[in-house]
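Engineer: Handing you this structure, nothing more for now.
The values are calculated or read from the model by the stated rules, or taken from the named source; none is laboratory data. Predicted model only: the values in this text are computed from it and were never measured. Heads up, the Cβs are rebuilt from the backbone with ideal geometry, glycines too, and the neighbour counts pull from every protein chain shown.
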Amino acid sequence: MKVCRIRQAAKWLSKRMSWCMGIGLLSLSSATSGFSKEPIPFIFDTDVGNDVDDVLAMGVIHSLQSRGECELIAVTITKDAKEAAPFVDAINTFYGRGGVPIGVTSSGVTPERGKFLGLIEAKTEKGELKYPHDLRLGSKVPSAVEVLRKALAGAKDHSVVIAQVGFSTNLAALLESKPDNVSPLGGVDLVKQKVRLLSVMAGAFVPIDGNPGYGEYNVVQDIKSAQRVADQWPTEIVFSGFEIGIAVPYPAESILQDYSYVPHHPLAESYVLYEPPPHNRPTWDLTSVLYAIHPSRGYFDISEPGKVSFTDEGKTKFASESKGLHRYLKLTDAQKVRVIEALVQLSSQPPLK
C-alpha cells in the first residue's frame with residue numbers, strides 16, 4: 001500500500017510547510033458553465049483503494065463533467081483487488097453515471113482490500129446499500145486494455161485526455177496491444193491517433209529529504225511498465241510529481257463540513273476510513289486531474305520540454321530536450337492557495353441528478 005509514501009509525505013510536509021486555511025466554497029450556480037466548446041473525452045486510470053486521493057479525484061472529475069467541461073468515457077483500474085471495480089461503480093452511480101465503462105487488471109499488484117473499498121457492502125439502518133451499484137463482487141469485468149481500446153476507438157482523433165494516477169500497468173499493456181475487431185491499429189498507433197494529452201501522477205522532480213530522483217510509489221510498484229510508458233508513449237505527457245501533491249494538502253475542515261448535504265457521502269466516508277481528520281491529505285491524484293482538464297487556466301507552471309526516464313530502482317530522471325514530449329508541473333506559493341480552493345470546490349460539489 002501507499003503507507004511508505006504517506007509517512008514520507010508527512011515527514012517532508014512537516015519540514016517544509018504548515019497550512020491553516022479556511023476556504024469558502026463558491027455556490028454551484030456561480031460556476032456551472034464550462035469554457036470548452038465541447039466536453040473533453042476523459043479516461044481515468046487509477047489504483048483506487050490504495051489511498052483516498054483517487055476517490056477525491058473522482059469527485060473532481062464528476063463535478064467537471066457536471067459543468068460540461070469533460071465526459072468520463074472510461075475508468076480503468078491498476079489495483080488488482082476484486083472490490084475496486086464495484087467501488088468505482090458505486091462512486092459513478094452516486095454521481096448519476098453508473099453506466100461508465102470500467103476495466104480491470106490481472107497483474108496481482110496490491111490485491112488487498114484496503115481501508116475503504118468495503119463501503120460497497122455498507123448498509124443503512126434500513127438495511128439498504130448506502131451506495132447502490134450494479135457491478136457486484138464476482139461480476140465479470142472486462143480487462144482494462146479492452147476498455148481502453150474501445151474508448152479510444154470511439155473517440156475523435158487527437159481528442160482524448162487520460163489521467164494516470166496509479167501504476168503504469170494498464171497503459172503499458174495498451175501500448176503493446178495488437179490490432180483487433182475494435183480497431184485495426186496497434187496500441188501505439190491507436191494512442192497516437194486518439195490521445196491529446198496524458199497527465200501522470202508519478203515520479204519526483206525535486207530532491208525529497210535530500211534524496212534526488214526519489215523512488216515514488218506509483219513508479220516503484222511497476223517499474224517496467226513506468227519505463228515502457230516513458231519510453232514509448234507517442235503523445236505529450238505532463239507529470240505531477242510527488243512534491244506537487246504534498247504542496248497542496250486537502251484541508252480536513254472540508255471533509256468535516258462540506259459533504260453533509262447528504263446523510264452518506266462516499267468521498268467523505270472514504271477519507272475518514274482511510275485516516276480520520278484532522279489530518280490534511282496530500283492531493284497527488286487530484287492535481288493530475290485538474291491539470292489534465294484545465295492545462296491553460298494557470299493553476300500550475302510547467303517545466304521546459306524534455307525526457308523523463310526511470311531507473312531500475314524507480315528513481316526519476318529528467319533531461320531537457322527542445323523537442324521533448326515530457327514536462328512536469330511546478331507551483332508558486334500563490335498557485336498553491338488557488339489550487340487548494342479549486343480542489344475543495346470541485347470535490348465537494350453536489351451531484352447534478
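Engineer: Would you please list the contacts, defined by Cβ atoms under 6 Å and residues six or more apart or on different chains, that run from a residue in the range 139-164 that is closer than 22 Å to residue 218 by Cα and in contact (Cβ under 8 Å) with a residue 24 or more places away in the chain to a residue that is among the polar types (S, T, N, Q) and part of a helix (DSSP H, G or I)?
Structural biologist: 144/170; 163/288
Engineer: What about residue 255, is it crowded, with 20+ Cβ neighbours inside 10 Å, among the hydrophobic types (A, V, I, L, M, F, W, C) and without any contact (Cβ under 8 Å) to a residue 24 or more places away in the chain?
Structural biologist: Taking the combined requirement at face value, the residue satisfies it.
Engineer: When you scan the range 214-231, do you find a residue that is within 30 Å of residue 131 (Cα to Cα) and among the aromatic types (Phe, Trp, Tyr), even just one?
Structural biologist: yes
Engineer: Sticking with this one: Which of (1) under 21 Å from the mean Cα position of the chain (by Cα); (2) surrounded by fewer than 17 Cβ atoms within 10 Å (Cβ to Cβ) is the odd one out, the single condition residue 319 does not satisfy?
Structural biologist: (1)
Engineer: A further question on this structure: Here is a list of conditions, (1) touching a residue at least 60 places away in the same chain (Cβ under 8 Å); (2) crowded, with 18+ Cβ neighbours inside 10 Å, and residue 81 meets all of them except one; can you say which number that is?
Structural biologist: Result: residue 81 passes all but (1).
Engineer: Still on this structure, please answer the following. Restricting attention to the range 129-139, which residues are modelled with pLDDT of 95 or more and of a type outside the set (A, V, I, L, M, F, W, C)?
Structural biologist: Those that are modelled with pLDDT of 95 or more and of a type outside the set (A, V, I, L, M, F, W, C): 130, 131, 132, 133, 134.
Engineer: Might you let me know whether the range 207-215 holds any residue that is modelled with pLDDT of 95 or more and not hydroxyl-bearing (Ser, Thr, Tyr)?
Structural biologist: Scanning the range 207-215, I find no residue that is modelled with pLDDT of 95 or more and not hydroxyl-bearing (Ser, Thr, Tyr), so the answer is no.
Engineer: I've got another one for you. Just give me the residues in the range 322-331 being over 19 Å from the mean Cα position of the chain (by Cα) and surrounded by 12 or more Cβ atoms within 10 Å (Cβ to Cβ), in sequence order.
Structural biologist: Across the range 322-331, the qualifying residues are 324, 325.
Engineer: Now for a separate question. From the residues in the range 104-152 that are of a type in the set (Gly, Ala, Ser) and either within 19 Å of residue 52 (Cβ to Cβ) or in contact with an Asp or Glu (Cβ under 6 Å, 6 or more places away or on another chain) (or both), which one is surrounded by the most Cβ atoms within 10 Å (Cβ to Cβ)?
Structural biologist: The selected residue is 114.
Engineer: On the given criteria, is residue 249 farther than 17 Å from residue 43 by Cα and over 16 Å from the mean Cα position of the chain (by Cα)?
Structural biologist: no
Engineer: For the range 61-99, name all the residues that are part of a helix (DSSP H, G or I) and within 16 Å of the chain's Cα centre (by Cα).
Structural biologist: Answer for the range 61-99, where residues must be part of a helix (DSSP H, G or I) and within 16 Å of the chain's Cα centre (by Cα): 61, 62, 63, 64, 65, 84, 85, 87, 88, 89, 91, 92.
Engineer: Same structure again: State the number of residues belonging to the range 267-325 that are in a loop (DSSP other than H, G, I, E, B) and on the phi < 0 side of the Ramachandran plot.
Structural biologist: 26
Engineer: If you take the residues of the range 156-179 that are farther than 19 Å from residue 105 by Cα and either buried (at least 22 other Cβ atoms within 10 Å of the Cβ) or not small (Gly, Ala, Ser) (or both), which of them is farthest from the chain's Cα centre (by Cα)?
Structural biologist: That would be 179.
Engineer: On the basis of being among the small types (Gly, Ala, Ser) and either crowded, with 24+ Cβ neighbours inside 10 Å or under 19 Å from the mean Cα position of the chain (by Cα) (or both), does residue 225 make the cut?
Structural biologist: Against the criterion (among the small types (Gly, Ala, Ser) and either crowded, with 24+ Cβ neighbours inside 10 Å or under 19 Å from the mean Cα position of the chain (by Cα) (or both)), residue 225 qualifies.
Engineer: For the range 230-237, check the following and say yes or no: at least one residue is surrounded by fewer than 24 Cβ atoms within 10 Å (Cβ to Cβ) and out of contact with any strand residue (DSSP E or B) (no Cβ under 9 Å at 6 or more places or on another chain).
Structural biologist: Yes, the range 230-237 contains at least one residue that is surrounded by fewer than 24 Cβ atoms within 10 Å (Cβ to Cβ) and out of contact with any strand residue (DSSP E or B) (no Cβ under 9 Å at 6 or more places or on another chain).
Engineer: Give the range 206-220 a look and list any residue that's buried (at least 24 other Cβ atoms within 10 Å of the Cβ) and either under 21 Å from residue 177 (Cβ atoms) or hydrophobic (A, V, I, L, M, F, W, C) (or both), or say none.
Structural biologist: Passing the criteria: only 219.
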